[in-house]
1. Pairs only if they're at least six apart or on different chains, beta carbon under 9 angstrom, first in the range 298-311 and farther than 20 Å from Ala380 by Cβ, second assigned to a helix (DSSP H, G or I) and not small (Gly, Ala, Ser); list them, first residue then second.
2. The conditions are (1) of a type in the set (Asp, Glu); (2) over 22 Å from Met99 (Cα atoms); (3) modelled with pLDDT of 95 or more, and Glu229 fails exactly one of them. Which is it?
3. Where in the range 292-358 are there helices (runs of 4 or more DSSP H), lying wholly inside it, with at least 3 residues that are β-branched (Val, Ile, Thr)?
4. Given Ser205, Ser198, Ser155, which one is hydroxyl-bearing (Ser, Thr, Tyr) and without any contact (Cβ under 8 Å) to a residue 24 or more places away in the chain?
5. Can you tell me which of Ala259, Ala201, Ala187 is among the aliphatic types (A, V, I, L, M) and in contact with an Asp or Glu (Cβ under 6 Å, 6 or more places away or on another chain)?
6. Regarding Ala344, is this residue touching a Phe, Trp or Tyr at 6+ places or on another chain (Cβ under 8 Å), more than 28 Å from Phe255 (Cβ to Cβ), outside the structural domain of Cys207 (by TED's automatic domain parsing) and buried (at least 24 other Cβ atoms within 10 Å of the Cβ)?
7. How many residues does the range 184-198 contain that are of a type in the set (Ser, Thr, Tyr) and farther than 27 Å from Val97 by Cα?
Amino acid sequence: MTDLQKTIVVTGVGVVSPYGIGLDCLQEGMLSGKCCLTPAKDAYPGFTGTTAPICVPLPAEGSRSRYSRTDRLAAVAARDAVAHFDCESAAFRESGVVMASTVAGLTEIDPEIAQDPAAWYRRGGLSRAASYPVAHVADAVGEHLGICGPRCAVSVACASGAMAIALAANLLLDGVAPMMFAGGSDALCPFTLSGFSSLQALDPSPCRPFDQNRKGLNLGEGSAVLVLETLAGARARDANVLAVLRGWAMTNDAFHPTAPQQQGSGLAECMRRAMEIAEVGRGEIGYVNAHGTGTPLNDIAEANAYETAFRGRSLPIPVSSTKSYFGHCLGAAGALEAAITITAIRSGALFPTLRLTDPIESPGVDWLRGEVRRQPLPLAMSASAGFGGSNTVLIFGSGPA
């Protein structure tokens, strides 16, 4: 296998976020410092807290009645990713799909369950629920694009979106498909709001990741889909390379069903492995887009992980949480943050954590806050962590000359 065949590149990025449809909308919104978080009761009467719903209308899917809101978000993001593609090529038609989700079709079935579980069951609720499995998000993308390659679903809590990208990269190297669509999609619904509320993990106000006075997370919704292929394949069709996926790694803490390991050892090991695979030193990473949920346990574990993984750098590692702009999008979070990391590399804009006034004490970390920082960024990392101790780290670099 040649270097061109071993190099994984990103040739398309599609996004649906509270800022709108498209990577440009996401970048412009974040550069403006706009926060998309609003009171949950505006969209979900009876719920307290803060969420970031998507307000742009989603295109109708015609006769595809089995498409949930999560499916539709994914389909729109996938179509956005290939806006400038030759969709008649053999490589496109044979593309594979790896999509992540945690909510999937719960958006369609949850209200009826909550109102009257017995009546829901009598009306055939179980059969309808079976129409919206997590795996259907990958099918929705494949059907929407008209591609016939292999499809795979990922659902490992909040690391799912990043893990879908890592798995797709592995499948490319194995020659499973000439091109892969990979990312995540999740929609807001009362079920997840109730779940995180029962864990006492929600902040009723806009979240403050990595702040000493943080109280919890906010939930959001959205989707992001990356188009991955080998550099050899991209050059063969004269594709525009947006970024290089230099390294990726996945680990699991095997520590607790919901709580992170407080020293962050699993996430630190994941970062170390990703840098080893990328063949880069800790001093070469210019920025980390953190998982940064704003919960007391997660943020201290992450801070400890960065201290361990980047110990020995001449300068503290710049870190921020972009969940402070539009909340935690669950299975879509890692994919959206990968898209933001690619934006940072291409624009040289490092987005600060909003509302960060009193950062966690961590001498090895340069907590980004205040204004957008401008600097050349050849390499950047996106870190994701989830319930059950799942960790995924992606390292992106600027595209080849």
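1. Close Cβ pairs (under 9 Å, with a partner that is assigned to a helix (DSSP H, G or I) and not small (Gly, Ala, Ser)) amount to Ala301/Leu267; Asn304/Leu267.
2. All conditions are met except number (2).
3. Numbers: elements: 296-309, 323-326, 333-347.
Of the helices (runs of 4 or more DSSP H) lying wholly inside the range 292-358, those with at least 3 residues that are β-branched (Val, Ile, Thr) span 333-347.
4. Working: Ser205 fails: without any contact (Cβ under 8 Å) to a residue 24 or more places away in the chain; Ser155 fails: without any contact (Cβ under 8 Å) to a residue 24 or more places away in the chain.
When all the criteria are applied, what remains is Ser198.
5. Details: Ala259 fails: in contact with an Asp or Glu (Cβ under 6 Å, 6 or more places away or on another chain); Ala201 fails: in contact with an Asp or Glu (Cβ under 6 Å, 6 or more places away or on another chain).
Of Ala259, Ala201, Ala187, the one residue that is among the aliphatic types (A, V, I, L, M) and in contact with an Asp or Glu (Cβ under 6 Å, 6 or more places away or on another chain) is Ala187.
6. Details: touching a Phe, Trp or Tyr at 6+ places or on another chain (Cβ under 8 Å): yes; more than 28 Å from Phe255 (Cβ to Cβ): yes; outside the structural domain of Cys207 (by TED's automatic domain parsing): yes; buried (at least 24 other Cβ atoms within 10 Å of the Cβ): yes.
Answer is yes for this residue.
7. Filtering the range 184-198 down to residues of a type in the set (Ser, Thr, Tyr) leaves 185, 192, 194, 197-198.
Applying the additional criterion that residues be farther than 27 Å from Val97 by Cα yields 194, 197-198.
Residues meeting the conditions: 3.
For (1) out of contact with any Gly (no Cβ under 6 Å at 6 or more places or on another chain); (2) surrounded by fewer than 14 Cβ atoms within 10 Å (Cβ to Cβ); (3) under 30 Å from Ser198 (Cα atoms); (4) at pLDDT 80 or above, each residue gets a yes or a no:
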position	(1), (2), (3), (4)
Pro39	yes, no, yes, yes
Tyr44	yes, no, yes, no
Ala52	no, no, yes, yes
Pro59	yes, yes, no, no
Ser65	yes, yes, no, no
Ser68	no, no, yes, yes
Arg72	yes, no, yes, yes
Val76	yes, no, no, yes
Arg79	yes, no, no, yes
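The values are calculated or read from the model by the stated rules, or taken from the named source; none is laboratory data. The shown structure was predicted, so the numbers you read here are calculated from the model rather than taken from an experiment. All Cβ positions, glycine included, derive from the backbone under ideal geometry; neighbour counts span all protein chains shown.
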